[in-house]
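Here's the structure, in structure tokens; my notes come after.
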Amino acid sequence: ICANLIKDLPQRTALVIERRFGLKTGTRETLDTIGQSFGRTRERVRQLEEQGLVNIQKKFSDYENIFEYFEKVLLSFGGIKKEWELLEILGNKKYQNQVFFLLTNNSAFKKFLEDEKFYSFWSLGNKPVKEAKNLIKLLINRFKEEKKVLSLKELLASQKVNKDTFLSFIGISKEIEKNPEGMYGLKGWLEINPRGVKDKAYLVLKKQGKPLHFRDITKFID
């Protein structure tokens, strides 16, 4: 599909797009890197890319079934999904750059960049984003109030969304994490991210509920 979309472009324009999205090599390149190899300015490379993408988007109607499939997958997760997870679902390991290229150039799909609170993710518009962020805010407040880790079953009991949507929503948050035992809590909690042997020993003793010899504590930690 990607090869068909760029085959009628001028040779240099096609090469710019292939390199920008890593369609052949698997490695996405910057405007500066491509410009240096061509002996052209960053701005000139950007112009070539922009011109090529305008022509490519005119052909998208030939592949409506592909974009409908992408949309269907996103909807199955409530209309939102962490970027690396979505690319892996849609493109496996081999075609993630091709999927990224198609998503990026179709206005039906919106990418949100990573920041302090959220990972990079894709969404079908702003509504799912608002719903996800509201749910995350409520969960963070609940964790702060109850001051304990909770199972997925406990968390889902108070939700109106299904399991896949719930996990997709909280999956974009950097503040909520799951520990190796499948319990959820806030990132800074030692029950979620124990920082050393002392934290791990505390968790072992808390779970066992009785004094233990150091050798036994070490076995449980392992």
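The values are calculated or read from the model by the stated rules, or taken from the named source; none is laboratory data. As the structure is a computational prediction, the values presented were derived from the model and not from experiment. Heads up, the Cβs are rebuilt from the backbone with ideal geometry, glycines too, and the neighbour counts pull from every protein chain shown. These area figures cover heavy atoms from the full protein model, side chains too; ligands, DNA and RNA do not enter into them. Shrake-Rupley method; radii C 1.70, N 1.55, O 1.52, S 1.80 Å.
How about region 63-134: which GluC sites (Glu not before Pro) there lie in a loop by DSSP and see at most 10 other Cβ atoms within 10 Å?
On the way: sites: E64, E68, E71, E83, E85, E88, E114, E116, E131; in loops: E114, E116.
Filter output for region 63-134: E116.
Between region 130-168 and region 6-38, how far is it from one alpha carbon centroid to the other, in angstrom?
That distance is 42 Å.
Provide the solvent-accessible area of T27, counting protein heavy atoms only and rolling a 1.4 Å probe, rounded to the nearest 10 Å².
It works out to around 80 Å².
Highest GNM mean-square fluctuation, the chain, Cα pairs closer than 10 Å: which of Q11, Q208, Q98?
Among Q11, Q208, Q98, the largest mean-square fluctuation in the Gaussian network model of the chain belongs to Q208.
Please work out how much length the chain gains when fully extended from L205 to Y119, using 0.36 nm per residue of separation minus the C-alpha to C-alpha distance, in nm with one decimal. Could the numbers behind the result be given before it?
Details: separation 86, 0.36 × 86 = 30.96 nm, distance 3.38 nm.
Full extension from L205 to Y119 adds 27.6 nm.
Of the chain, which part is the longest with no trypsin sites (Lys or Arg not before Pro) in a loop (DSSP not H, G, I, E, B) and with at most 15 other C-beta atoms within 10 angstrom?
Longest site-free region, per DSSP loop and neighbour criteria: 60-92.
For region 22-108, go through all pairs of different Cα atoms, get the mean of 1/r, take its inverse, and jot down that Kirkwood value in Å.
14.6
Enumerate the amide H contacts of F118 below 5 Å, restricted to partners 5 or more residues apart or on another chain; note that Pro and chain-start residues carry no placed amide H.
For F118, whose amide H was placed from the backbone, the distant partners under 5 Å are K174.
Taking a threshold of 28 Å on the Cα-Cα distance, which of the pairs K58/K111; K72/K160; K58/K110; K59/K163; K111/K148 fall above it? Please report the intermediate quantities before stating the final value.
Values: K58/K111 21 Å; K72/K160 20 Å; K58/K110 19 Å; K59/K163 36 Å; K111/K148 33 Å.
Long pairs (Cα-Cα over 28 Å): K59/K163; K111/K148.
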